[in-house]
Every structure is written in C-alpha cells, then in structure tokens.
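The structure appears right after this line, and notes come after that.
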Amino acid sequence: MSSILIKNAEIITMNAAEEIVFGDLYIVDDRIVKIGQNLTHKADKVMDASGKTIIPGFIQTHIHLCQTLFRGQADDLELLDWLKQKIWPLEASHDEESIYYSAMLGIGELLQSGTTTVVDMETVNHTEYAFQAIAESGIRALAGKVMMDKGDEVPVPLRENTLKSIQQSADLLEKWHNSDNGRIQYAFCPRFVVSCTEELLKSVRDLSAQYNVRVHTHASENANEILLVERELGMRNVVYLDSIGLANERLILAHCVWLDEEEKRIIKERGVKVSHCPGSNLKLASGVAEIPSLLDQQAFVSLGADGAPCNNNLDMFNEMRLAAIIQKPVHGPTAMNARTVFRMATIGGAKAVGMEKEIGSLEPGKKADLAILNLNDFHVYPSFDIDTISRIVYSATRADVEITIVNGKIVMENRKLKTVDKEM
Ligand code: GUN
Ligand code: FE
C-alpha cells in the first residue's frame, strides 16, 4: 500500500457542482480516498501545497505520439499536402527505436504540462514500442496502431493489406488492452475515410462492439478531404461512417471542422464524441470548428493537441486558451468561456473515453490523476478576486505545473519524469 497526503491546497474538483474547496487531499494506492479540512491521516509522503492549486489531470482525446519527432516539418502546408509530402514518408521511415523515443518525448511534454490521459493514434508499424513507452512512463492511454488500407498516394510501407491490418490491431489489443490494471487500453484507429476500405471499417465496427473499445479517427477536417470523400462515396464523412454503423457512443472523431446539419444531428443522436483540436485546425489552415452549435445541442466535445507537427505544442493550456479565444470574434465573449473549455479538458475528456466514473474530476473513490500547479507568477493586487479557472485557461503555462500524479503515482516532479513499476 502507498499513500500521499497533499495539504492546504486550493482544489478545483470539477465534481457535479464544480466546487472549488480549500483543504487536503488524501490518496491511497491509485485512488483519492478523502478530500477535506485538516486531515491527519498517516501517509508515506506528506506535501504542503499552501498557495498551490490541484486540478484534475487533463485528458487529451486526439494525439499522435509517433509524430513528436516531426515537429518543424511542413510548417506551412495544408492537410493533404502535409500528409503526402512530409508526414507519411516520415512515418514510413520510423523504426522500433524512433517510435519508442517519439512516444517517450511526447509523453514527457504531456506529463510536464499536466496531461494525465491521452487517446493516441500511432502509425502503421512498430506500435508495440509506443505501448512500451506508455507502460514505462505511467501515463494513462487509449492507444492503437493506425489503419490505412487504401490510397494510391500512401507510401508503400504504410499501405496495408486489409486482413493484416485487422489482425495486427487485434493482436495488439490482445496484448495491451486493460493492461497495468486498466491504465492502458486499446483503441482502433482507422486513419480517416480517405485511407480506409469499407471492409476494414466494418471489421473495426464489429471488433469495437465485441471488445467494447473506442474507435478513434479523423473526420471532416479539411475542405479537400471532404471533397475526396464526396467524390468517391457520394456522401459526407459522418453520414458515411453512420451508414457503416460506426457512428455510436464509442466513436471519437477528431476535428469535425466542417459539419453540415445532418452530420451534427448524427453526432448528437448517436452519442459520438468530438475531439476539438483548435491549434491544429488553425496551423493546418483547416478552419474554425463550430463548437458553440455542438454545445448548444449538448453534444460531447473534448480537446486534443493532435500531433506535434500539426500544432507545435502538446500543451493543454495552449489548447484551452485557443478553444476559448477563437470563438470570441464570431460568437461573442461568453460562448466558449473559461469554465466551458476547462470542463472539456477534464470531465469532458473523461466522458469521451467512457471513464467519467473513474477520472476527469477530483472526488473520493476516483482514480488519483491530477496536477499540482503553482500559479504564483501571476502578478495582481493580492486583494483582487480572480477566478482560478479563468486564470488557468487564459494565463497558465506548462511552467506552472510542479507535480503530475497518475493512478496515485508521481510521474513528474519539477520537470523530472519518473518511470513506474507496472502491475501487468
Ligand atoms: N488526417 C489523416 N491523418 C492525419 C494526421 O496525421 N493528422 C491530422 N491532423 N489529420 C489527419
Ligand atoms: Fe490527427
């Protein structure tokens, strides 16, 4: 048994009432046991967090760890050129070692900036080594190998045989799904409609239902991508995915920048989870996703930084700030306020991965996934009353994260990462 007692902190719980309390938080093994005042439990480690703020760890629902090493490549291209000219050839050149280090470096940045869970899409080959990095780092993850069995433009090492792609995915699921006491899960990752046959998508649909695992894909990100799909299939992305039976509560759809009304209706009615990636959508000139209208319909929306070369930044503080700011010129100052985006980054992400009973908020009984922030660089008159969530969304940076805890284990302290002992 291991235990941690964190004392005298401001605790942003994100519980149902979204309470912010001042006091102590007690962790035993992987779970929060108690939040309250003047706790006197004995613990292996007692920390004084006076003047500091504890937040639920961020949950990023769209990341490509295999792309971390490609940052700075193709900085001024739009999606399809960026993929064809740079990203696909680079992914094809990955070997076992480079995938491992790409994942490790990405995870390091994520843990240092308070992200405790990622939904990660790898490349076609060597996904095993990304899982190894995930296992050693201690981050919580739903990861999978990318699937792409169609497309003349895809370089040969990435163009897959349909059955082999499915078999390799099933083998990885068998080995990694629910490993380390559920910290690591499998998610099927058909890349996007452009690169997947109907046969592959139907198999993914069936396997996702059989094992109750997430399907993670891109959709309606870019005008030319949508045109390709419409020309070939006579349908828009989400309508096509729905016709196959993939549009359901297990589907995580990255981007959704250009949805029409029918696609929005399908997303809402089927409980599809949208992963909004504002930084990537701006950088790749994809557009500004109409998130306020999805929220008006009570659709599920969470946040993701996408890959390092899409965004140049894996930091959730950056993503939250952009998500709020880009809507203001069109929708006014409150349409995506600080609390709305902070909710997307925490409990919203937990709903996207189907783990809202386990993560996404700080409550007794939940997994201890959290970050301790020191926001004291924020210079204001001490007497001013500043909303902490607003301060985090608009002003915090990764430099403000002092400690990150996942599953009750300290995985990052003062910028230093700590590997964990796995319980397989
Ligand atoms: N669509 C298909 N593949 C990708 C990718 O790697 N990144 C982004 N942003 N969109 C994609
Ligand atoms: Fe992506």
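Summing +1 for each Lys or Arg and -1 for each Asp or Glu among the other residues whose beta-carbon sits under 14 angstrom from that of ASP296 gives +1.
Here the accessible area of the range 244-322 is 50 percent carbon and sulfur, with a 1.4 angstrom probe and all protein chains present.
Seen from MET104, the other residues with C-beta closer than 12 Å to its C-beta sum to a net charge of -3, counting Lys and Arg as +1 and Asp and Glu as -1. Using a 10 angstrom Cβ neighbour count of at most 14 plus a DSSP loop assignment to flag exposed chymotrypsin sites (Phe, Trp or Tyr not before Pro), which longest range of the chain is free of such sites? The segment 1-377 is the longest one with no such site. Which of the pairs LYS366/LYS409; LYS34/LYS409; LYS175/LYS357; LYS86/LYS283; LYS150/LYS268 have their Cα atoms more than 20 Å apart in this structure? Long pairs (Cα-Cα over 20 Å): LYS175/LYS357; LYS150/LYS268.
For the range 1-68, the set of trypsin sites (Lys or Arg not before Pro) satisfying both a DSSP loop assignment and a count of at most 15 other C-beta atoms within 10 Å is given as LYS42. Residue-normalised convex hull volume from the C-alpha trace of the chain: 131 Å³ per residue. Computed over neighbours whose Cβ is under 10 Å from that of VAL46, the net charge equals 0, Lys and Arg +1, Asp and Glu -1.
Each part reduced to its alpha carbon centroid, the range 48-82 and the range 306-326 end up 6 Å apart.
Annotation for the range 135-182: GluC sites (Glu not before Pro) lying in DSSP loop with at most 16 further Cβ atoms inside 10 Å of their Cβ are GLU153.
In the full protein context, the range 294-384 carries 39 Å² of accessible surface per residue, based on a 1.4 Å probe and ignoring ligands, DNA and RNA.
Residues in the range 1-128 average 37 Å² of solvent-accessible surface per residue, probe 1.4 Å, ligands and nucleic acids excluded. Put a dot 7 Å past the Cα of GLU356, heading toward its Cβ, do the same for ASP29, and the two dots end up 2.7 nm apart.
The values are calculated or read from the model by the stated rules, or taken from the named source; none is laboratory data. Here the structure is a predicted model, which is why all the values come from computation and not from measurement. Ideal geometry is used to build each Cβ from the backbone, glycine not excepted, and the neighbour counts take in all protein chains shown. Keep in mind that these areas ignore ligands, DNA and RNA; they rest on the heavy atoms of the full protein, side chains included. Shrake-Rupley method; radii C 1.70, N 1.55, O 1.52, S 1.80 Å.
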